[in-house]
1. Dimensions of the stretch 12-81 along principal axes (Cα, Å, largest first)?
2. How large is the convex hull of the Cα atoms of the stretch 85-210 per residue, expressed in Å³ as a whole number?
3. Give the angle, between 0 and 90 degrees and rounded to the nearest 10, that separates the Cα long axis of helix 133-144 from the longest principal axis of the Cα atoms of the chain.
4. If you build a Gaussian network model of the chain, linking Cα atoms that sit under 10 Å apart, which residue out of 137, 43, 176 swings the most?
5. Take the chain, connect every pair of alpha-carbon atoms lying under 10 Å apart with a spring to form a Gaussian network, then pick out the residue of 74, 40, 94 with the largest mean-square fluctuation.
6. Return, for the Cα atoms of the stretch 2-204, the radius of gyration and Dmax in Å, separated by a comma.
7. Given a 10 angstrom Cα cut-off, can you work out which residue in 54, 98, 187 is the most mobile in a GNM of the chain?
8. If you find the alpha carbon centre of the stretch 65-115 and of the stretch 22-44, how far apart are they in angstrom?
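Derivation of every value follows stated rules applied to the coordinates shown; laboratory data play no part. These figures come from a predicted structure and were not determined experimentally.
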């Protein structure tokens with residue numbers, strides 16, 4: 001086995017802040033939304049924690065955006081320009097996740113620091129990071145102070161609509177988290193991808209295979 005450097009330190013810091021923050025937001029959000037569930041924290045404290053962690057993650061998001069926009073690592077989120085090759089690579093990845101992985105086949109995508117995501121990951125992360133995350137942040141910000149942002153809340157259809165959007169995004173992110181937790185176990189060992197996000201180094205064999 002050899003190691004390749006694939007996760008720069010700023011990305012690893014951002015990832016773990018984001019991961020812990022989202023778990024806290026989900027936990028406090030559930031408590032705020034469903035008051036009849038067991039109240040681990042007093043309601044006001046749960047709301048305060050939810051709000052402050054939300055602001056932390058908003059700042060963290062812009063650090064992530066700045067890092068990728070102003071460094072050469074932006075290539076990890078850029079899809080193949082050749083449409084035919086992009087769809088062919090995507091189909092190979094779908095076949096791998098669909099059944100080849102259960103036959104012990106090798107992952108067709110071999111990551112590098114500049115191209116660490118396969119075509120399906122690129123598409124998913126663009127949707128999540130450039131669409132769903134901003135929607136969640138904006139809806140959360142409007143709900144944080146409905147009076148101050150009354151004009152915008154009304155523009156989007158009222159508190160009920162904004163709240164529904166926020167909850168729908170919560171469901172999306174909860175589903176994404178479950179899928180993410182499954183996919184990170186698909187390395188050559190169950191914890192290989194977790195270790196890579198801690199150390200920055202991904203283990204591959206001498207032939208470049210996972």
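1. 51, 21, 16
2. So the per-residue Cα hull volume is 149 Å³.
3. That helix lies at roughly 20 degrees to the long axis.
4. 43
5. 40
6. Here Rg and the maximum Cα pair distance are 19.2, 57 Å.
7. Of the options given, 98 has the highest mean-square fluctuation.
8. Cα centres, the stretch 65-115 to the stretch 22-44: 37 Å.
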